[in-house]
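Trainee: Please read through the structure below; I'll follow up with questions.
No value in this document is a laboratory result; all are computed from the given coordinates. Quantities reported herein were computed from a predicted structural model and do not represent experimental measurements. When we count neighbours, we look across all protein chains shown, and the Cβ atoms used for this are built from the backbone with ideal geometry, even at glycine.
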């Protein structure tokens, strides 16, 4: 029993020793982790001082960033100024800012613009002759001579004016609707740069002379715009005259045909009346029926003649047409115009010639004895919806058929507009394109299928 007790006691001792060894190992490992964590913060003695140190480092970084940002803004401003200066010399449309130009003059004709332009140029010449285009507030002496100093001042002033006039002439020669702002800035920039060079001798070009050059630039620009407007107006008048001539020819042709038809029917009617006196039986019945038909034809010919003469006398009569072209302009654009043709469709067919890919669809034809006035009334109600707000002679409008119907009702026009545009060629084209697309896809599938190896050969 003593031996067993001793063995049990020895085993227990070994187990206790093993447990102690394991616990000691775990404690050692934990201590090493703690030491490692503490080692990370070994330099931190005081938390407050460490926070202050970190804040100081942050302030240094913020200060550096501020300096960098200020430097960036400074160089960005330099870049923007250089870019603006380069844009003044560039003629690339992509680099031009399209601002709205506010006209400075309201002359009605190009002749008035030319007269004002001549006046401005005369004032420039007068300023140069009177030596008021430049100014020097110092009296220079050259080798002790005031006369030589005055001569030097005069020669340098001429040199500055020649340089400035050259820059202005170049800008005026290149001015267009899309660069008027750039050309004004170019003249101002030349004025500042040349005056900066003249500051060495205290010589400067006067603001009055610079303003005369800016006036010349604006007058030249507005003159060109007025000439363009007058040219467009003349083109419109010539187009209207051609339309009038065509309309008059059509009316005259219709009148002549109606007169010829009237004459033929009258002769045939007289002949039939002469024959009926001798006719009997069945022949009498036939001649009676023939006379009835000839009398009806004669009335129709006389009515056509009357209408043709009436149209010739009423110079403002014509048709207002409302048409669309979905394939060319989309489904919200309508053309509203006027024609004096006897057959208004002839004019519409002309509009759908080679200048547009598809024919126009007619939504309404309105006859009026004062077609120009009616056209103006309808277009005025749609004035803000013009497709082209610059050329008001372009008669296309962004609107809807419902809005047009409302206008027609408001004006008490007895007409029903056709809402649906047939657009036959356009819709057929879409169908063909769809079929071609499907055909191409099917062909690609067939080619892919043909190039694949059959499973039996793999």
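Trainee: How long, wide and thick is region 271-423, going by the Cα atoms along their three principal axes, in whole angstroms, largest first?
Mentor: Dimensions of region 271-423 along the principal axes of its Cα atoms: 75, 31, 28 Å.
Trainee: With 5 Å bins from zero, work out the P(r) of region 168-235 over every alpha carbon pair and list the percent per bin.
Mentor: In order of increasing distance, the bins hold 3, 17, 22, 19, 14, 10, 6, 4, 2, 1, 1, 0 percent.
Trainee: What spacing in nm lies between the two simple spin-label points modelled at residue 278 and residue 432, each 7 Å away from Cα in the Cβ direction?
Mentor: Modelled inter-label distance: 6.4 nm.
Trainee: Based on the inverse mean of 1/r over its pairs of different Cα atoms, what is the Kirkwood hydrodynamic radius of region 199-350, in Å? Spell out each step's value before the answer.
Mentor: Working: mean 1/r = 0.0457 Å⁻¹.
This gives a value of 21.9 Å.
Trainee: A further question follows. In units of 2.2 N^0.38 Å, what is the alpha-carbon radius of gyration of region 364-436? List each step's numbers first, then the result.
Mentor: Working: Rg = 15.9 Å, N = 73, 2.2 N^0.38 = 11.2 Å.
With N residues counted in region 364-436, Rg over 2.2 N^0.38 Å equals 1.41.
Trainee: Continuing with the same structure: For labels at residue 23 and residue 238 in the simple 7 Å Cα→Cβ model, what's the distance in nm?
Mentor: That separation, rounded to one decimal, is 11.7 nm.
Trainee: Something else now. In what order do 415, 348 fall by count of nearby beta-carbon atoms within 10 Å, going from fewest to most?
Mentor: Arranged by neighbour count, lowest to highest, 415, 348 become 415, 348.
Trainee: Based on the Cα coordinates of region 107-157, what is the per residue volume of their convex hull in Å³? Numbers along the way, then the final one.
Mentor: Numbers: hull volume 3.4 nm³, N = 51.
Considering the Cα atoms of region 107-157, their hull volume per residue is 67 Å³.
Trainee: For a footprinting-style exposure proxy, rank 105, 72 by other Cβ within 10 Å, fewest first.
Mentor: Ordered by Cβ neighbours within 10 Å, fewest first: 72, 105.
Trainee: If region 110-230 were replaced by its equivalent ellipsoid, with semi-axes equal to the square roots of 5 times the Cα gyration tensor eigenvalues, what would those be, largest first, whole Å?
Mentor: Values: eigenvalues 215, 45, 15 Å².
The equivalent ellipsoid of region 110-230 has semi-axes of 33, 15, 9 Å.
Trainee: Counting only Cα, what are the radius of gyration and maximum Cα-Cα distance Dmax of region 246-313, in Å?
Mentor: Radius of gyration, then largest Cα-Cα span, for region 246-313: 15.3, 51 Å.
Trainee: Now for a different question. Taking neighbour Cβ counts within 10 Å as the exposure measure, how do 65, 367, 321, 334 sort from fewest upward? List each step's numbers first, then the result.
Mentor: Working: 65 10, 367 14, 321 23, 334 27.
Ordered from fewest to most neighbouring Cβ atoms within 10 Å, 65, 367, 321, 334 come out as 65, 367, 321, 334.
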